[in-house]
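What follows is a short report on a single structure.
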């Protein structure tokens, strides 16, 4: 039997379809929520699918991702390649990626008229280089599938019904009660543990959230006069810890950033949190060298280029400004030539090239893209359907789960995959 629940806001009345057997609610208007709602509606057109977003903005992270270009996914031929890029959730994602991987994502968007391109580092973007292309594709697909979207609306309370299903007590722009047979939660990550309390009340364990994918603040950086300088391949490690990553490094006004730092922050998210984001970062600007090989290389270089001025002739393809700063801080005089360079400043230059020490005193969110380490513990979720093992009919997708990837399109891929599997499973179940 179908019943309607009505609410009134600013003189408007809203009617919700409340047939337990045919109504599904998806909480969260981001990548995972949209993908889940679309997959559900397409798998079973007889269902009424509501997508409920508490703010007035849909797909906000999609729109700002990749500097406004949207890093949709990462070029990877196999699930085994994909899972290597997830500090948390790698083992549990193997089976989901067998069902919906990066190639499936490419096909999904391609079938809806959006072509993706691969950049040299493996990141994939729409050929338009505009995140609006992806956002509009998702909005169009949701509309065509019949998904009903409610914005500025959220459940003030969620009841798990004794006979199964859920009653949502909605507040905001569309107030009223909604009874659904299945519920997909795709509300994203949150920075504070208390923001997950409503999920604990539903019977789930939550791994404490801590930030992932952040840059290092170095207020007393010896490189503070070099903002904008970048090195395409450097190794960053944390002194005293088994944490290191190699890749591009960017010097900023506040410290250091770039893929190597961001990826290191993801792998070390929990340990860096325990350290209070107070550590010493050591940068090897020429990771192809050890101290032994570098000394040998410089000895040969001096024999052949002794007349060259050290400070004004950068080596190893390093930017001029960086080389000059490292040399000057090592005590190399401005006009000294290689065949005149004393041992002590050369030793200090070698140390600077291999181990520039930066006192890290805090972190900064990367380009307003907030990613958390933490969320719903994966052992409580059936990863084939994303259904709760504790509450029948309750599904999860996206960053609300204790899954996070490094930068490069991996977090979106996890959102597409988990959203798709959850939505398809709900659709195939009937509710």
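The values are calculated or read from the model by the stated rules, or taken from the named source; none is laboratory data. The shown structure was predicted, so the numbers you read here are calculated from the model rather than taken from an experiment. Cβ coordinates were reconstructed from backbone atoms using ideal geometry, including for glycine residues, and neighbour counts include every protein chain displayed.
See the values below:
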| item | result |
| --- | --- |
| Of the criteria (1) surrounded by 17 or more Cβ atoms within 10 Å (Cβ to Cβ); (2) at pLDDT 95 or above, which one residue 159 fails | (1) |
| Selection status of residue 279, touching a helix residue (DSSP H, G or I) at 6+ places or on another chain (Cβ under 8 Å), modelled with pLDDT of 95 or more and within 30 Å of residue 188 (Cα to Cα) | yes |
| Residues located in the range 353-362, provided they are in contact with a helix residue (DSSP H, G or I) (Cβ under 9 Å, 6 or more places away or on another chain) and buried (at least 19 other Cβ atoms within 10 Å of the Cβ) | 353, 356, 360 |
| Qualifying residue in the range 390-413 (condition: crowded, with 21+ Cβ neighbours inside 10 Å, over 22 Å from the mean Cα position of the chain (by Cα) and not in a loop (DSSP other than H, G, I, E, B)) | yes |
| Lone qualifier among 94, 54 - being surrounded by 13 or more Cβ atoms within 10 Å (Cβ to Cβ), closer than 27 Å to residue 207 by Cα and touching a strand residue (DSSP E or B) at 6+ places or on another chain (Cβ under 8 Å) | 54 |
| Selection from the range 358-389 of residues that are more than 19 Å from residue 214 (Cα to Cα) and part of a strand (DSSP E or B) | 376, 381, 382, 387, 388 |
| Members of the range 367-398 that are modelled with pLDDT under 95 and touching a strand residue (DSSP E or B) at 6+ places or on another chain (Cβ under 6 Å) | 371, 372, 373 |
| Lone qualifier among 182, 148, 107 - being at pLDDT 95 or above and within 29 Å of residue 209 (Cβ to Cβ) | 182 |
| Only one of 31, 25, 41 that is under 17 Å from the mean Cα position of the chain (by Cα) and touching a residue at least 24 places away in the same chain (Cβ under 8 Å) | 31 |
| Qualifying residue in the range 338-347 (condition: assigned by TED's automatic domain parsing to the domain that holds residue 240, part of a loop (DSSP other than H, G, I, E, B) and touching a helix residue (DSSP H, G or I) at 6+ places or on another chain (Cβ under 9 Å)) | yes |
| Check on residue 123, over 30 Å from residue 389 (Cα atoms), without any contact (Cβ under 8 Å) to a residue 40 or more places away in the chain and assigned by TED's automatic domain parsing to the domain that holds residue 22 | no |
| Residue check for residue 173: in contact with a helix residue (DSSP H, G or I) (Cβ under 7 Å, 6 or more places away or on another chain) and surrounded by fewer than 22 Cβ atoms within 10 Å (Cβ to Cβ) | no |
| Inter-residue pairs, beta-carbon under 6 Å, first in contact (Cβ under 8 Å) with a residue 60 or more places away in the chain and at positive phi and in the range 271-286, second in a loop (DSSP other than H, G, I, E, B) and surrounded by 14 or more Cβ atoms within 10 Å (Cβ to Cβ), 6+ apart | 277/362 |
| Wholly within the range 42-135, helices (runs of 4 or more DSSP H) carrying at least 2 residues that are within 30 Å of residue 272 (Cα to Cα) | 60-68, 79-83, 90-99 |
| Scope the range 129-145; condition under 17 Å from residue 24 (Cβ atoms) and either surrounded by 15 or more Cβ atoms within 10 Å (Cβ to Cβ) or not assigned by TED's automatic domain parsing to the domain that holds residue 22 (or both); matching residues | 141, 142, 145 |
